[in-house]
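Presented below is the structure to which this report refers.
The numbers here are math on the coordinates, done by the rules we state, and not lab data. The model shown is predicted, which means the values in this text are computed figures rather than measured ones. Here the Cβ positions follow ideal geometry from the backbone for every residue, glycine too, while neighbour counts run over all protein chains shown.
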Amino acid sequence: MKSINEINLKLAVLGEGGVGKTSLVNLYSGKAFPTIYIPTIGSNIARKEYKLENEHIRINIWDIGGQRSFNPLNPSFFANIDAAFLVFDLSNPKESTIELQKAYLNHIKEKSPDCVVIYLGNKSDLVKPESFGSLMNNLNQNHLDENPLIFTSAKTQDNVVEAFELMIYKFLKKLESGGFTTQFKNIIPSFLNLLNKKEEDLTRVLINLDSIDSSTIHMKISPKIRKKVIYDSIEDINNRIVLETPVISINNKLHLEKIKTDVIKAFNENFKFIKDLILDIKRTPIDQLLKKIDATSSDLEVLKDDFEIKLDTVLNLESRLPSSEFENDSNGKKGGEV
Amino acid sequence: MDQVNKLAGENVELKKKLEIDVKNLNEKLEYRAKKNEDEITRETLEIKKMLQTTQDRIEETINVQEEIIMDMIKKFNDEFYKHKSDVLQDLESIKNQQDILRISYTVNEAKLLEMIKTVITKELSNNIKGQQSETLMRIWIEEFKDIIKKFEKIKDLPPQDFNARLDELSSIVNSFKQKIQL
């Protein structure tokens, strides 16, 4: 029986709340684009696997909620990361890019110095032509050239899958140059072959801030969006309307129920991940065992904190849910953010 | 010369007299020895006879004592078997009563447990009505803390127990995964 090398990639998707991290992860992992904005409670884990001829590449995507109340800068989130997307909102880049530089990138450098980092400027569909100038200024001022940069739109699906594929490609490159050449011989050609792409196809999405300015930035953004934003059903149009009003009412019982269901669902989805995390130890080579146990232990601690955050949130939501006697009055007369 | 002859004659006389005396003495000694021997033989026989008599008496006493003891033992055994039989009968009776008690206890215990279970289930379902998810989540978090503790100790395990522990932890996670599926 042919032995298959297992490659686990821990990919963290980090950034401020509301920049579109979950939408990016959902799109990549085959889930639908959300119809309403629901903040990620704690962290959610998605998985994707690429089965090459001699290797299985398993991507464990940790989507870390960016809301301050869930402590996204908890140092344990940044331990043992192989790769990280630092996501910011292109339609409001100023604050989110400063935060990325100051907090997230520094934490990554400290806790996972070998991590492959890519900046994702998301929501490219919302950038208006008149803001190109200020966008360029912000990007240049905040020195985002330290790591590769890609513009994405989870809504129009622009460059999302490509960004993830490029990340994996860069990780494999690093793996190959890290002394594992013999073990993972031909892994990059196999991966490219599986994608049916060439290296240039993957790197094409990268933004070179040196060769782009406010007069040429539209070439990286506008044409693709116009091509893809097509609302072809009443449901899509309705979704579009909801998307443009991301704040939800805490008095709307249906929304609260939806959030609660989503949190419980996310809670349950982490079980399989925990089981695999524990059983992965068995497949670890003996020389990497202690390191792997430490990393797994750290991940389990993060997941424990995450379970607690999710439970607290569910209990909190439960207390906010209107009791049945007020159900008829719970149509969002008093608005508020969750 | 006469003197010599006289002395020689006297000497012969004395010699004869001495021989006669020696002879008499020997005869006396023999007689006495024989007499002594007879006496010793007689005394020996008497002692033997006395010993035999004493031995016979002792044997007889021993036999009598033995018979007495055997009688006592027989009597004791008879009494013991009688008591034993009585005790066994009592034990059998106690055992029967115990069995009846046990069956009755088991039946009552089952009934009681069923009642307790019903009451607890009812109370629990009343208390967690609408909050089953939260309760399961809370229980899981406690269990998960325990899993993490066990996982942290995995480095101390000998290699042969390593996989078994990982399987055990994974199966706990799996069983909770199934319980908590909502």
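Suppose R0 equals 30 Å. What FRET efficiency, 1/(1 + (r/R0)^6) with r the Cβ-Cβ distance, do B:Q98 and B:K74 give to the nearest 0.05?
Details: r = 35 Å, r/R0 = 1.18.
Between B:Q98 and B:K74 the formula returns 0.25.
Using modelled amide H (1.01 Å from N, peptide plane; none on Pro or chain starts), what sits under 5 Å from the amide H of A:E55, excluding residues fewer than 5 places away?
Long-range HN contacts for A:E55: A:N5.
Using the Karplus curve 6.51 cos²θ - 1.76 cosθ + 1.60 with θ = phi - 60°, what ³J(HN,Hα) values do you get for each residue of segment B:162-172, in whole Hz, with x for Gly and Pro?
4, 5, 4, 5, 4, 4, 4, 4, 5, 6, 4
For the Cα atoms of chain B, what angle does the longest principal axis make with the long axis of helix B:132-152, in degrees from 0 to 90, nearest 10?
It is inclined by approximately 40 degrees.
Check which residues have an amide H placed less than 5 Å from A:G65's amide H, if you skip close sequence neighbours.
So A:G65 has HN proximity to A:G42, A:S43, A:N44.
On a straight-distance basis, which lysines could pair with A:K253 in a cross-link, Cα separation under 17 angstrom, same-chain partners fewer than 8 positions away excluded?
A:K333, A:K334
Relative to the longest principal Cα axis of chain B, at what angle does helix B:2-127 sit, 0 to 90 degrees, rounded to 10?
Taking the Cα atoms of chain B, the angle to B:2-127 is about 10 degrees.
Estimate the FRET efficiency between B:E152 and A:D287 by the formula 1/(1 + (r/R0)^6), using the beta-carbon distance for r and 25 Å for R0, to the nearest 0.05.
Working: r = 21 Å, r/R0 = 0.83.
Efficiency, rounded to the nearest 0.05: 0.75.
On the principal axes of its Cα set, how long, how wide and how thick is segment B:131-182? Give whole Å, largest value first.
For segment B:131-182, the Cα spread along each principal axis is 42, 17, 7 Å.
Nearest 0.05, what FRET efficiency do A:S76 and B:A110 give at R0 = 56 Å with Cβ-Cβ as r?
Working: r = 49 Å, r/R0 = 0.88.
It comes out at approximately 0.70.
Net charge within 14 Å of A:E269 by Cβ-Cβ distance, Lys/Arg positive one each and Asp/Glu negative one each, not counting A:E269 itself?
Local charge sum for A:E269: +4.
Label 7 Å along Cα→Cβ of A:S69; segment A:87-131 residues with amide nitrogen under 18 Å?
none
Using only the alpha carbons, work out the radius of gyration and Dmax of segment B:52-120 in angstrom.
28.8, 95
From other protein chains only, count the Cβ atoms within 10 Å of every residue's Cβ in A:257-267, then give the mean.
Values: counts 0, 0, 0, 2, 2, 0, 2, 6, 1, 0, 7.
Going residue by residue through A:257-267 and averaging, the value is 2.
For peptide A:268-281, compute the average count of partner chain beta-carbon atoms within 10 Å of each residue's beta-carbon. Walk me through the numbers before you get to the answer.
Values: counts 9, 1, 3, 9, 3, 1, 9, 8, 2, 3, 12, 6, 1, 8.
For this peptide, the per-residue mean of nearby foreign Cβ atoms is 5.
What length, rounded to one decimal in nm, is gained on full extension from B:K117 through to B:V87, with 0.36 nm per residue of separation minus their alpha-carbon distance? Could you put the intermediate results ahead of the total?
Values: separation 30, 0.36 × 30 = 10.80 nm, distance 4.28 nm.
Stretched out fully, the B:K117 to B:V87 stretch lengthens by 6.5 nm.
Can you say what percent of the DSSP beta bridges in the protein assembly as shown, counting only those with both residues inside, are antiparallel? Round to 5. Present the calculation step by step, with values, prior to reporting the outcome.
Numbers: 11 of 35 bridges.
About 30 percent, rounded to the nearest 5.
Count neighbours as other Cβ atoms within 10 Å of each site's Cβ, and list the trypsin sites (Lys or Arg not before Pro) in segment A:1-105 that are DSSP loop with at most 13 such neighbours. Can you show the working numbers first?
Values: sites: A:K2, A:K10, A:K21, A:K31, A:R47, A:K48, A:K51, A:R58, A:R68, A:K94, A:K102; in loops: A:K2, A:K31.
Taking segment A:1-105 and a limit of 13 other Cβ atoms within 10 Å, the loop trypsin sites (Lys or Arg not before Pro) found are A:K2, A:K31.
Quick check on chain B: helices-only [θ] at 222 nm, where DSSP H runs of length 4 and up contribute -39,500 (n - 2.57) each and the sum goes over total residues. Nearest 500, please.
Values: 3 runs with 169 residues, N = 182.
The helix-only estimate for chain B comes to -35000 deg cm²/dmol at 222 nm.
Would you tell me the mean number of C-beta atoms belonging to other protein chains that fall within 10 Å of each C-beta in B:144-151, as a whole number?
On the way: counts 8, 5, 0, 4, 6, 0, 0, 8.
That works out to 4 on average.
Find, to one decimal place in angstroms, the Kirkwood hydrodynamic radius of segment B:1-125, where the mean of 1/r is taken over every pair of different Cα atoms and then inverted. Could the numbers behind the result be given before it?
Working: mean 1/r = 0.0384 Å⁻¹.
One over the average 1/r among Cα pairs gives 26.1 Å for segment B:1-125.
Determine the distance separating the Cα centre of segment B:46-77 from the Cα centre of segment A:269-298; give it in Å without decimals.
Each part's Cα centre sits 91 Å from the other's.
Taking a cut-off of 23 Å between Cα atoms, list the lysines near A:K109, but don't count ones fewer than 8 places away on the same chain.
A:K10, A:K21, A:K94, A:K170, A:K173, A:K174, A:K291, A:K292
Along each principal axis of its Cα atoms, how long is the protein assembly as shown end to end? Whole angstroms, biggest number first, please.
199, 80, 43
Averaging over every viewing direction, what projected area does the convex hull of the Cα atoms of segment B:46-182 cover, in nm²?
Numbers: hull surface 89.8 nm².
The directionally averaged projection comes out at 22.5 nm².
In which sequence would B:D156, B:D99, A:D82, A:D306 go, from the one with the fewest C-beta neighbours within 10 Å to the one with the most? Could you put the intermediate results ahead of the total?
On the way: B:D156 7, B:D99 10, A:D82 21, A:D306 25.
Result, fewest neighbours first: B:D156, B:D99, A:D82, A:D306.
When A:M136, B:M50 are ordered from fewest to most other Cβ atoms inside 10 Å of their Cβ, what list results? Write out the running numbers ahead of the final one.
Values: A:M136 18, B:M50 10.
Neighbour counts put them in this order, fewest first: B:M50, A:M136.
Under 13 Å from the Cα of B:K117, which aspartates and glutamates turn up, not counting those fewer than eight places away in the same chain?
Within the straight-line limit of under 13 Å, B:K117 reaches these aspartates and glutamates: B:E109.
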